[in-house]
Protein chains: 2
Amino acid sequence: MALVVQKYGGSSVADAESIKRVAQRIVTTKKAGHSVVVVVSAMGDTTDELLDLAEQVSPLPPGRELDMLLTAGERISMALLAMAIENLGHEARSFTGSQAGVITTSLHGAARIIDVTPGRISTAIDDGSIPIVAGFQGVSQDSKDITTLGRGGSDTTAVALAAALEADVCEIYTDVDGVFTADPRIVPAARRIPRITYEEMLEMAACGAKILHLRCVEYARRYNMPIHVRSSFTMKEGTWVTGSIEGNEMEQPIISGVAHDRSEAKITVVGVPDRVGEAAAIFTALSDAEINIDMIVQNVSAAATGRTDISFTLPANSGQVAMATLKKIQEKIGFDSLRYDDQIGKISLIGAGMRSHPGVTARFFDAIASVGTNIEMITTSEIRISVIVNQDRVDEAVAAAHRAFDLDSEQVEAVVYGGTGR
Amino acid sequence: MALVVQKYGGSSVADAESIKRVAQRIVTTKKAGHSVVVVVSAMGDTTDELLDLAEQVSPLPPGRELDMLLTAGERISMALLAMAIENLGHEARSFTGSQAGVITTSLHGAARIIDVTPGRISTAIDDGSIPIVAGFQGVSQDSKDITTLGRGGSDTTAVALAAALEADVCEIYTDVDGVFTADPRIVPAARRIPRITYEEMLEMAACGAKILHLRCVEYARRYNMPIHVRSSFTMKEGTWVTGSIEGNEMEQPIISGVAHDRSEAKITVVGVPDRVGEAAAIFTALSDAEINIDMIVQNVSAAATGRTDISFTLPANSGQVAMATLKKIQEKIGFDSLRYDDQIGKISLIGAGMRSHPGVTARFFDAIASVGTNIEMITTSEIRISVIVNQDRVDEAVAAAHRAFDLDSEQVEAVVYGGTGR
């Protein structure tokens, strides 16, 4: 008998029918002899509807009140889910984030979990009941005000609660079958990845794979909590996200997947005087404006002019603020001009096996070149290579890279996971 | 500078526009130099929509979860109202019933307030902020579960909070101008009552006047908290509900108002053996079935038969259960038959001045007879006379009684409140 934390997102509980289906699924797990704790998001469009109401009464609603408002969403879904479970003859009890002991910082809209003290959840489990916990919300340690955790909050709640309860697994239910080697909408031959490490999943998440949020994977890694990402529509195995994968490392896949991201923009600062500290001044100004920089490339200085170009990428929705920030310091730094390009795409190749396999970079670049695509920027980490290309070229380049690493073979799991398949 | 608790019902905060209007009104009170604490109900149809969702997932939702679900309603309205106030440049903070210290019994759906410990509300007031408190809800003392107070719950929250904060007045905002001498839909000449005692208001509420719930008036009487019932659409004075009214009692109105109620039914138990304890057996059975009995009339026993008829009234929606309960004990008690009539109406004449004015009963009965209406049952209290008539006759009989006691004079306030008008 295991202790399983199951998290269901908004699309899994979009209406009464979906809620009843999810209830059935939870009861199936319970009947199999496991203890189940459920974390649930707000129903489908509830959050958007509440935001719309807020906008109607105030152009700039205060964070404390916005959090109070939005947390009504999970309150509704969790109570309905508990009712649906009770209707199937099993005891269920819903708990707000506060009641479940999710203690956070005071930053409304983007609070971080400080601690989880799930005393009431443990009691409910001991009573044979199924606790249904509101995702995405908590209570601030200092002011005892209701907080929300921001993007990826419900997944993070689930993992944090699983860790605090020392659960055996945290199952994240979604509307796809798991994590794929590439976005199946772009690469129809993309395959489900049966098992992936936290590190790889972190790189995937950071590089545009939307299935799990960075924060939740980081939390899982810190507490070594296995995550099982799976579909709420089937009983199939999904993707296990865990620590190091057992078995001979040589038998691990070289590449786990190809991620892409169209949400970034590129800014080039042209003609920066090549003096010590000028680059630092630029990035200090951007950091002060709370802009997250992703990739940075500085060209070799042309000795004749004593000037250099610095390019960097950032979320496209920070573009305007970044450009304004830089214009303000143009005179002081003395650069020539700014260039802005939001027609870029980032393609990332991720795989723990990269460490022990030289030649990955060359094969990746060859693949991209083979479909006539120009690489504008490059960054690498131990287990990732990312390149920036023209946004129009993203689909073809992703497909080419996927093919080049044999990811879209029919027997992809057997080929890539040679060791585990035998 | 006064401390004012204002309660706004669901129709006052039905949509974003209404919420902004209420916010404006609250700020006006604040600007006048008063401290304001607001109690708010769920927006217009929210509760019905949530109940509808509950019905879709479970035919018989558990009380704990239904309370968790329904309390989402006030969470939404209170957060939106706080936002709207902040948007007008005044600080506001919303609080759930639990956060506001509303401690209740554990009876989900109909919890009673045991205590109010409004520490956070007091702090907010001291900080110059406007606390917005969710009506209708609290937290159970034993299990720390979220509870709802049932019918009249938001008004009761407001009065209880006002009492705990030692406020100067509890203003109950509604969509009419106050308490009227009769239902203006039936008696167009009905007038607003400027001032009424708790006792009279209790009788009015018990006899079908829907404007204030019995519970809330009882609470106000216990703590001697003045209630000011007024319209949220105008700045006019409404009706003050207080303890004894100042001035010479002879100058009080004889009759405060005429209330009516069409929601009751009458059951007659025909041919009950006239033995000691038979009536008790009947009402014990009904009480065990949790049926509230209102009026009871027992005919004089016909000596020849040794049998008597017992009639009583009860809420019509308890009718089926009551009939079934009585049928079960028919054989044991040995009564002849049961008669059920839900086509009845109750008309009540209420006034503290009745005590010192004989002849009220006769004038009341005359008025009803004058419009050709037959009286089926009668009960009286110190400050009330109620009669049961055929439901079709209610409107005419109410109008006749209203006229007979000079309530629909043009100068009704001057006439009835002779003392205060001069």
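Since every read-out is calculated from the coordinates, none of them should be taken as a lab result. The structure presented is a predicted model; accordingly, all values stated were derived computationally and were not measured. All Cβ positions, glycine included, derive from the backbone under ideal geometry; neighbour counts span all protein chains shown.
Quick rundown of the values:
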{"quantity": "Test item: Cα-centred dipole of chain A, Lys/Arg +1 and Asp/Glu -1 on Cβ, debye", "calculated": "340 debye"}
{"quantity": "Sites B:A32 and A:R339, calculated FRET efficiency, Cβ-Cβ separation with R0 51 Å, nearest 0.05", "calculated": "0.30"}
{"quantity": "Over 30 Å (Cα to Cα) - which of A:K20/A:K236; A:K210/A:K327; B:K7/B:K144 fall in this group", "calculated": "A:K210/A:K327"}
{"quantity": "3J(HN,Hα) from dihedral phi, segment A:5-17, Karplus parametrisation 6.51/-1.76/1.60, rounded to Hz, x for glycine, proline", "calculated": "9, 10, 10, 10, x, x, 6, 6, 10, 5, 8, 4, 4"}
{"quantity": "Calculated label separations, A:D168, copies of the chain, 7 Å along the beta-carbon direction, nm", "calculated": "6.5"}
{"quantity": "Selected from A:L50, A:A82, A:G152, residue furthest toward positive end of dipole (segment A:3-175; charges at beta carbon)", "calculated": "A:A82"}
{"quantity": "Nearest beta-carbon to the B/A symmetry axis - residue in chain B, distance in Å", "calculated": "B:A72, 2"}
{"quantity": "Ascending list, in nanometres, of distances separating the B:Q141 label from those of the other copies (7 Å, Cα toward Cβ)", "calculated": "3.4"}
{"quantity": "Cβ-derived FRET efficiency at R0 60 Å, A:K210 paired with B:T284, nearest 0.05", "calculated": "0.35"}
{"quantity": "Footprinting exposure proxy for B:T305, B:T156 (fewest neighbouring C-beta atoms within 10 Å first)", "calculated": "B:T305, B:T156"}
{"quantity": "Eligible aspartates and glutamates near A:K346 by straight Cα distance, threshold 18 Å, same-chain separation 8 or greater", "calculated": "A:D183, A:E200, A:E203, A:D261, A:E264, A:D294, A:D366, A:E376, A:E382, A:D392, A:D395, A:E396"}
{"quantity": "Full-stretch length increase - B:S244, B:H357 - with 0.36 nm per residue and alpha-carbon distance subtracted", "calculated": "38.9 nm"}
{"quantity": "Alpha carbon centroid spacing (whole Å) that separates segment B:134-201 from segment A:143-179", "calculated": "42 Å"}
{"quantity": "Whether segment A:247-422 is rounded, prolate or oblate, judged on the alpha carbon gyration tensor where a/c under 1.5 counts as rounded", "calculated": "prolate"}
{"quantity": "Sequence of A:S35, A:S370 once ranked by neighbouring C-beta atoms within 10 Å, starting from the fewest", "calculated": "A:S370, A:S35"}
{"quantity": "Residues whose placed amide H lies under 5 Å from that of B:E171, excluding near-sequence neighbours", "calculated": "B:V5, B:Q6, B:K7, B:H228"}
{"quantity": "5 angstrom amide H check on A:I114, placed H, neighbours 5+ away", "calculated": "A:I103, A:T104, A:T105"}
{"quantity": "Partner chain coverage, peptide B:135-146 - average Cβ within 10 angstrom", "calculated": "1"}
{"quantity": "Estimated dipole of the protein assembly as shown in Debye, rounded to 20 [Cβ of Lys and Arg +1, of Asp and Glu -1, Cα centre]", "calculated": "480 debye"}
{"quantity": "³J(HN,Hα) computed for each position of segment A:321-332 - Karplus, 6.51 cos²θ - 1.76 cosθ + 1.60, integer Hz, glycine/proline x", "calculated": "5, 5, 4, 5, 4, 5, 4, 5, 9, 4, 5, 4"}
{"quantity": "Candidate lysines - alpha carbon under 21 Å from B:K328, same-chain residues fewer than 8 apart omitted", "calculated": "B:K266"}
{"quantity": "Reachable aspartates and glutamates, given that their alpha-carbon falls under 17 Å from the alpha-carbon of B:K332 and they are not under 8 places away in the same chain", "calculated": "B:D274, B:E278, B:D288, B:D309"}
{"quantity": "Residue-averaged [θ]222 nm for the protein assembly as shown, counting only DSSP H segments that reach four residues, each worth -39500 (n - 2.57)", "calculated": "-11000 deg cm²/dmol"}
{"quantity": "Computed label-point distance, nm, for sites B:N390 and A:I293 using a 7 Å Cα→Cβ extension", "calculated": "9.1 nm"}
{"quantity": "Mean-position separation - Cα centroids, segment A:19-60 and segment B:59-131, in angstrom", "calculated": "22 Å"}
{"quantity": "Simple spin-label estimate for B:E49 and B:E382 in nanometres, 7 Å along Cα-Cβ", "calculated": "4.8 nm"}
{"quantity": "Label spacing, shortest first and in nm, from A:T305 to its equivalents in the remaining copies (7 angstrom along Cα→Cβ)", "calculated": "11.5"}
{"quantity": "³J(HN,Hα), Karplus 6.51/-1.76/1.60, whole Hz, each residue of segment A:46-59, x for Gly, Pro", "calculated": "3, 4, 5, 5, 5, 4, 5, 4, 4, 4, 5, 9, 7, x"}
{"quantity": "Magnitude of the charge dipole, segment A:247-422, Cβ model with Lys/Arg +1 and Asp/Glu -1, debye to 20", "calculated": "400 debye"}
{"quantity": "Per-selection Kirkwood Rh - chain A (Cα, Å, 1 d.p.)", "calculated": "23.4 Å"}
{"quantity": "Fewest-first ranking of B:R403, A:R275, B:R215, using other Cβ atoms within 10 Å as the exposure measure", "calculated": "A:R275, B:R403, B:R215"}
{"quantity": "DSSP-defined antiparallel bridges as percent of all bridges, chain B, nearest 5", "calculated": "60 percent"}
